[in-house]
Amino acid sequence: MSDAGGVTEPVRYGVGGGVATLTMDQPHNRNALTPALLNGLGDGLVGAKGDPAVRVVVITHTGPAFCAGADLSAGSGGGSGPEVTARFDLAEILAAIEDSPKPVVARIAGHCMGGGVGLAAACDLSVASDEARFGFTEVRIGVAPAIISVVCLPKLRRGSALELFLTGERISAHRAADVGLITSVVPAASLDAEVDALVAKLLAGAPAALAAAKRLVFDVPVMERSAAFEWTTEVSHTLFGSPEAAEGMAAFREKRVPSWVPHAPTDPS
């Protein structure tokens, strides 16, 4: 996608097969978090949330870096073109990912530093190439991973967080998966196939059920037990009485694919 002047948009947005793909496309600055890129991510997440054709969101990138983190160039304009005013800040982007009722998947084929780690951690599922590297490098330029700590700390043990936050060390994708920042690591040649397989699994779930399952993960751990039981009982009753559940149970009995699945997957069994 380009504007009238032939300039590539910082984030390209496309929809197909129930999937909205947000492609960060600023390879010249390693997809740093410029105002233009934040605007593109924000617009894409809003658009995907409001589009009934979208069931899953994938955030990916061009170039050798998924996201280099904060934009350190003069004027935060990415080094070219007129300066852009941010309509979304990083905190709003991370919150939009976590609050999305539709699963958000990160496809990480390159290095992921600083705020980029926050993007990866905020996504519900993140798959990385074994060639990717990750790091909370903020302390080495005199700052701290403050905003992204909100989405990263729930995924990290305290000891791992202290080590990574304080040393600023760059770690392998395998280590990032081991400490819980990302979901899985695959060889670079298998990355697209792995993401496609993961998306197919998500598309097999009912939309409202997926949204409810995501909210359980975020909301139940911070609730008092009696309140949690009360709320989850209501959620369960609502879902069991929904048209989706009726369709899902009918499909199970009739040994067919539910109507919400875009394409019938092949059953490996």
* Tell me, please, whether a residue that is more than 26 Å from F88 (Cβ to Cβ), surrounded by fewer than 16 Cβ atoms within 10 Å (Cβ to Cβ) and more than 15 Å from the chain's Cα centre (by Cα) can be found in the range 174-186. => yes
* Structure fact -> Result of the Cβ filter at 9 Å on the range 7-23, keeping first residues that are surrounded by 14 or more Cβ atoms within 10 Å (Cβ to Cβ) and partners that are part of a strand (DSSP E or B) and charged (D, E, K, R), at least 6 apart or interchain, is T21/R12; T21/R107; L22/R12; T23/R12
* Could you please let me know if G159 is in a helix (DSSP H, G or I), modelled with pLDDT of 95 or more and in contact with a Cys (Cβ under 8 Å, 6 or more places away or on another chain)? => no
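Mind checking which residues of the range 179-200 are without any contact (Cβ under 8 Å) to a residue 60 or more places away in the chain and part of a helix (DSSP H, G or I)?
Here is the first cut: in the range 179-200, the residues without any contact (Cβ under 8 Å) to a residue 60 or more places away in the chain are 179-180, 183-187, 189-190, 193, 196-197.
Answer for the range 179-200, where residues must be without any contact (Cβ under 8 Å) to a residue 60 or more places away in the chain and part of a helix (DSSP H, G or I): A189, S190, A193, D196, A197.
Being in contact with a helix residue (DSSP H, G or I) (Cβ under 8 Å, 6 or more places away or on another chain), of a type in the set (D, E, K, R) and in the same structural domain as K102 (by TED's automatic domain parsing) narrows it down to one of E194, E244, E169, E163, so name that one.
Numbers: E194 fails: in contact with a helix residue (DSSP H, G or I) (Cβ under 8 Å, 6 or more places away or on another chain); E244 fails: in the same structural domain as K102 (by TED's automatic domain parsing); E163 fails: in contact with a helix residue (DSSP H, G or I) (Cβ under 8 Å, 6 or more places away or on another chain).
Exactly one residue qualifies, and that residue is E169.
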* Structure fact -> In the range 193-213, anything within 14 Å of L125 (Cβ to Cβ) and touching a strand residue (DSSP E or B) at 6+ places or on another chain (Cβ under 9 Å) is listed as E194, V195, L198, V199, L202, L203, L210
* Please report, ordered by residue number, the strands (runs of 3 or more DSSP E) entirely within the range 15-81 with at least 3 residues that are in contact with a Gly (Cβ under 9 Å, 6 or more places away or on another chain), under 19 Å from E92 (Cβ atoms) and modelled with pLDDT of 95 or more. => 19-24
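V195 - would you say it is closer than 21 Å to T21 by Cα and either in contact with a Lys or Arg (Cβ under 6 Å, 6 or more places away or on another chain) or surrounded by 21 or more Cβ atoms within 10 Å (Cβ to Cβ) (or both)?
So V195 passes the test.
The values are calculated or read from the model by the stated rules, or taken from the named source; none is laboratory data. These numbers were taken from a predicted model, which means no experiment stands behind them. We place every Cβ from the backbone using ideal geometry, glycine too, and count neighbours over all the protein chains shown.
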